[in-house]
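Written below as structure tokens is the structure these notes are about.
The values are calculated or read from the model by the stated rules, or taken from the named source; none is laboratory data. Fair warning: this is a prediction, and the values are worked out from it, not measured in the lab. In this analysis, Cβ positions are derived from the backbone assuming ideal geometry, glycine residues included, and neighbour counts consider all displayed protein chains.
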Amino acid sequence: MCHIIHENGGQVYMDGANMNAQVGLTNPGTIGADLCHLNLHKTFAIPHGGGGPGVGPVCVAQHLVPFLPGHPVAFESDKNTVAAAPYGNAGVQQITYAYIRMMGVEGLTKATENAILNANYLAQRLQDSYGIVYRGANGRVGHELILECRQLKAVSGITESDIAKRLMDYGFHAPTLSFPVHGTLMIEPTECESLAELDRFVEALQQIHEEILEVSRGEYTLEDNVLVNAPHPEYVAVADEWNHAYPRSKAIYPLPFVAANKFWINVGRIDDAYGDRHLVSCLC
């Protein structure tokens with residue numbers, strides 16, 4: 001792919017998140033990338049939640065060095081400044097530095113191998129229920145996998161957004177929604193999840209798949225089922241009124257492990273991306 005882009009006069013930008021499958025095994029320069037934002041979240045010990053802190057070096061191939069910005073205080077340069085803090089979030093970088101020093105070459109390589117192994121384990125366990133969008137020549141994935149949800153929507157009307165919200169009832173943060181492929185869920189287990197946690201996640205997604213089939217079979221309507229009404233916060237669970245066709249237990253405790261260690265969602269379903277697309281000014 002890099003070769004084709006270069007042959008046609010293009011430059012290749014590599015998302016730094018892909019380093020989770022490269023550290024110790026290969027690198028952006030070897031595969032032919034021209035530029036990489038080496039974001040420190042995910043691969044280098046910084047939390048990935050909320051998108052991850054926006055910090056990390058922008059690495060370029062030699063031919064792009066003349067285009068890098070400068071800074072009049074941090075280092076001598078006649079180039080223009082693009083950021084007040086040229087080295088980013090110093091506190092975050094210290095954590096990454098310590099992580100790299102403590103892990104060493106062997107530890108970092110092992111982390112990469114575990115991230116790839118975890119993703120392929122999930123892909124193997126979930127392929128029959130959802131299908132996997134992209135695989136390599138050997139039928140494997142990298143450090144992340146993309147679950148196909150469009151065929152389930154076609155037979156049931158349940159969307160990838162419904163699946164993501166239902167996962168919250170099982171105690172899981174929703175995966176990346178409809179990116180990079182519309183109608184899918186992208187899952188990035190990384191290297192740190194245990195086999196027990198991966199199995200728990202698989203059990204939840206397989207149970208959700210069964211819930212989707214219940215809708216497709218007509219056992220529950222598309223307008224009233226555990227998926228389209230998910231997530232179910234605590235105030236809904238304890239309310240005197242329950243006006244759904246399914247029982248409270250099905251909504252709140254869908255599997256035994258959920259009942260044993262329930263994580264309650266604070267709010268129910270809201271308007272998804274509506275607020276992002278319909279800006280409302282207010283005086284607060």
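Exactly one residue out of 245, 174 is assigned to a loop (DSSP other than H, G, I, E, B) and in contact with a strand residue (DSSP E or B) (Cβ under 7 Å, 6 or more places away or on another chain): that is 245.
Applying the selection to region 183-240, what residues are among the basic types (Lys, Arg) and either in a loop (DSSP other than H, G, I, E, B) or closer than 15 Å to residue 161 by Cβ (or both)?
In the first step, residues of region 183-240 are kept if they are among the basic types (Lys, Arg); the result is 200, 217.
Within region 183-240, 217 is the sole residue that qualifies.
Return only the number of the condition from (1) modelled with pLDDT under 95; (2) surrounded by 18 or more Cβ atoms within 10 Å (Cβ to Cβ) that residue 237 does not satisfy. The single condition residue 237 does not satisfy is (2). Looking across region 267-284, the residues that are modelled with pLDDT under 70 and either part of a helix (DSSP H, G or I) or surrounded by 10 or more Cβ atoms within 10 Å (Cβ to Cβ) (or both) come down to 275, 276. Put simply, of 131, 104, 136 the only residue that is of a type in the set (Gly, Ala, Ser) and either in contact with a Phe, Trp or Tyr (Cβ under 6 Å, 6 or more places away or on another chain) or on the phi < 0 side of the Ramachandran plot (or both) is 136. Sub-8 Å Cβ pairs linking a first residue in region 1-27 that is under 30 Å from residue 107 (Cα atoms) and without any contact (Cβ under 8 Å) to a residue 60 or more places away in the chain to a second residue that is of a type in the set (Gly, Ala, Ser) and surrounded by 12 or more Cβ atoms within 10 Å (Cβ to Cβ), at least 6 apart or interchain, are 2/32; 2/33; 12/32; 12/33; 13/33; 14/33; 16/56, ordered by first then second residue.
Within region 208-226, the residues that satisfy the criterion of being of a type in the set (A, V, I, L, M, F, W, C) and surrounded by fewer than 20 Cβ atoms within 10 Å (Cβ to Cβ) are 213, 222.
Based on this model, can you work out whether residue 82 counts as within 25 Å of residue 22 (Cβ to Cβ) and in contact (Cβ under 8 Å) with a residue 12 or more places away in the chain?
No, not satisfied.
Identify all residues within region 151-177 that are surrounded by fewer than 16 Cβ atoms within 10 Å (Cβ to Cβ) and of a type in the set (S, T, N, Q); write none if there are none. 151, 176 - these are the residues of region 151-177 that are surrounded by fewer than 16 Cβ atoms within 10 Å (Cβ to Cβ) and of a type in the set (S, T, N, Q).
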